[in-house]
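The values are calculated or read from the model by the stated rules, or taken from the named source; none is laboratory data. Since the model is a prediction, treat every value here as computed from it, not as a measurement. Positions of Cβ are generated from backbone atoms using ideal geometry, with glycine treated the same way; all protein chains shown enter the neighbour counts. Remember, those area values only see protein heavy atoms, side chains included, never the ligands or the DNA or RNA. Shrake-Rupley method; radii C 1.70, N 1.55, O 1.52, S 1.80 Å.
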Amino acid sequence: MGNFLAGKVVAVTGAGRGIGRAVALAAAAEGAKVIVNDHGVSVDGSEPSSEVAAGVVKEIEAAGGEAVAVADDVSTMDGGQRIVDTALARYGRIDGVVCVAGILRERMLFNMSEAEWDPVLATHLKGTFTVFRAAAAVMRRQKAGTLIGFTSGNHQGSVSQANYASAKGGVISLVRSAALGLHKYGVTANAVAPVARTRMSAGVPMELKEIGEPEDVAALVVYLLSERAKEERITGQVYTVAGPKIAVWAQPRELRAAYTEDGWTPEKIADFLPGTVGTDPMPMLAQLEAMAAAASAGERPNG
């Protein structure tokens, strides 16, 4: 047992499997008391079971740690609140929440149904909000705490997962809003965009050049939950961890601007925009074109 998180109480959603489980185990191994949340569903959100959360609690206890299972659905306000209430009832405080829970329902945009859109947004984005909202109210009073949301490189866009990409982009904006709104209360908020071998990544139709294990991601999360990260004033950031690589994403900002003195017309914009304001190249589009070329040549595309 380490002591990187000694004395802290941490809740982890989606903690029954994959990255969430690795985060829960790592936090416990570093001294945290852990609320293990998992609704226990399959990748598409069906077949809920509470057994997976209880199983991780047993693993933590077998290793000498402390944990409690909560099987609530984070896509409901009551579910998010119950996770935080369980921490308060059992341990008297909540120092960190890590929102890993997510599902996939893959479909091209022009074929995507409401039943494929709503649950993905509800689990990823609303599921982060419900837990952040409940935890933030407590952390504000404590004058301390850490919120960690999980996003994805797919926030840049996705060919067949517009629902997932939209939810993950929303998580980034939620994290940045939390960082701004809670800064004066001593609360930090950051996002992690992992690239790791999990149930979800198993269906990626390409050979990823940079990919790691859930334990790599867990190490970064433990650091972000720690006092060391707080001392460095790390907040409002998005980090990718992919095996041996850790990267930070740029903050949104304007690239170029053009001005007119007497108002814009479509004709004037047509003259100004391409050559003066220009565009920002879309890396995912270039990657898509390269993948298409590889596929047409009978090769497995790289990502």
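When the helices in the chain are scored as -39500 (n - 2.57) per DSSP H run of 4 or longer and the sum is shared across all residues, what 222 nm value do you end up with, to the nearest 500 deg cm²/dmol? Walk me through the intermediate numbers first.
Values: 10 runs with 122 residues, N = 303.
My calculation for the chain gives -12500 deg cm²/dmol from helical runs alone.
Hey, how many Å between the Cα centroid of segment 131-177 and the Cα centroid of segment 243-303?
24 Å
Antiparallel versus total DSSP beta bridges in the chain: what percent is that, nearest 5? Could the numbers behind the result be given before it?
Details: 4 of 33 bridges.
Counting only bridges with both partners in the chain, antiparallel ones make up about 10 percent.
Using a cut-off of 28 Å between alpha-carbon atoms, which lysines can reach K184, once sequence neighbours fewer than 8 places away in the same chain are excluded?
Within the straight-line cut-off, K184 pairs with K8, K33, K126, K143, K168, K230.
Once you put a point 7 Å from the Cα of S177 and another 7 Å from the Cα of A63, both along the Cβ direction, what distance in nm separates them?
About 3.4 nm, to one decimal.
Two-decimal Rg/Rh of segment 219-259 from alpha-carbon positions, Kirkwood Rh? Please report the intermediate quantities before stating the final value.
Details: Rg = 14.5 Å, Rh = 12.4 Å.
Reported Rg/Rh, Kirkwood definition of Rh: 1.16.
Between A6 and R141, what is the FRET efficiency for a Förster distance of 25 Å, r being their Cβ-Cβ separation, to the nearest 0.05?
Between A6 and R141 the formula returns 0.70.
For segment 1-146, with every protein chain kept in place, what is the accessible area per residue (1.4 Å probe, Å²)? If you can, show how the numbers build up before the last one.
Working: 6230 Å² over 146 residues.
Accessible area per residue, segment 1-146: 43 Å².
Take the Cβ-Cβ distance between D118 and T260 as r, set R0 to 51 Å, and report the resulting FRET efficiency rounded to the nearest 0.05.
Computed FRET efficiency for D118 and T260: 0.75.
Looking at the chain, which longest stretch skips every one of the chymotrypsin sites (Phe, Trp or Tyr not before Pro) that is in a DSSP loop with at most 12 other Cβ atoms within 10 Å, leaving the sites themselves out? Mind showing how you got there, number by number?
Values: sites that count: Y259, W264.
My reading of the result: 1-258 is the longest stretch.
Under 15 Å from the Cβ of P281, count the other residues' Cβ atoms, weight Lys and Arg +1, Asp and Glu -1, and hand me the total.
Values: positive: R256; negative: D280, E289.
It works out to a net charge of -1.
Within the chain, what is the longest stretch that has no trypsin sites (Lys or Arg not before Pro) placed in a DSSP loop and near at most 13 other beta-carbon atoms within 10 Å?
Working: sites that count: K143, R199, K209, R233, R253, R256.
Of all site-free stretches, the longest is 1-142.
Tell me the net charge near V84. Cut-off is 14 Å between Cβ atoms, V84 excluded, with +1 for each Lys or Arg and -1 for each Asp or Glu. Walk me through the numbers on the way to the answer.
On the way: positive: K33, R82, R90, R93, R133, R140, R141; negative: D72, D78, D85, D95.
So the environment of V84 carries a net charge of +3.
Counting only the heavy atoms of the protein chains, how much of D271 is accessible to a 1.4 Å probe, in Å² to the nearest 10?
Counting only protein heavy atoms, D271 exposes about 120 Å² to solvent.
Could you give the length gained on full extension between A89 and T279, defined as 0.36 nm per residue of separation minus the Cα-Cα distance, in nm? Can you show the working numbers first?
Values: separation 190, 0.36 × 190 = 68.40 nm, distance 5.27 nm.
Full extension of this stretch gives 63.1 nm more.
With the Cα gyration tensor of the chain giving a ≥ b ≥ c as the square roots of its eigenvalues, does the rule (a/c under 1.5 for rounded; else a/b larger than b/c for prolate; else oblate) give rounded, prolate or oblate?
Working: a/c = 1.92, a/b = 1.48, b/c = 1.30.
Prolate, because a/c is 1.5 or more and a/b exceeds b/c.
Considering amide H positions built from the backbone, and no H for Pro or chain starts, which residues 5 or more places from T151, or on another chain, come under 5 Å of its amide H?
Amide H to amide H, under 5 Å and 5 or more residues apart or across chains, T151 pairs with V192, A193.
Show I94, I246 ordered by accessible area, largest first, where the area counts protein heavy atoms only and the probe is 1.4 Å. Show your work: numbers first, answer last.
Working: I94 0, I246 105 Å².
Order by accessible area, largest first: I246, I94.
For the chain, give the percent of accessible area contributed by carbon and sulfur heavy atoms, probe 1.4 Å, rounded to a whole number. Display every interim value, and only then the final one.
Values: 8110 of 15190 Å².
The nonpolar share, carbon plus sulfur, comes to 53 percent.
Within 9 Å, Cβ to Cβ, of S160, how many net charges do the neighbouring residues add up to if Lys/Arg are +1 and Asp/Glu are -1? Could the numbers behind the result be given before it?
Working: positive: R107; negative: E106.
So the environment of S160 carries a net charge of 0.
Counting other Cβ atoms within 10 Å, which GluC sites (Glu not before Pro) in segment 92-200 have at most 14 and lie in a DSSP loop?
Values: sites: E106, E114, E116; in loops: E106.
Of the GluC sites (Glu not before Pro), not one in the loops of segment 92-200 has a Cβ with at most 14 other Cβ atoms within 10 Å.
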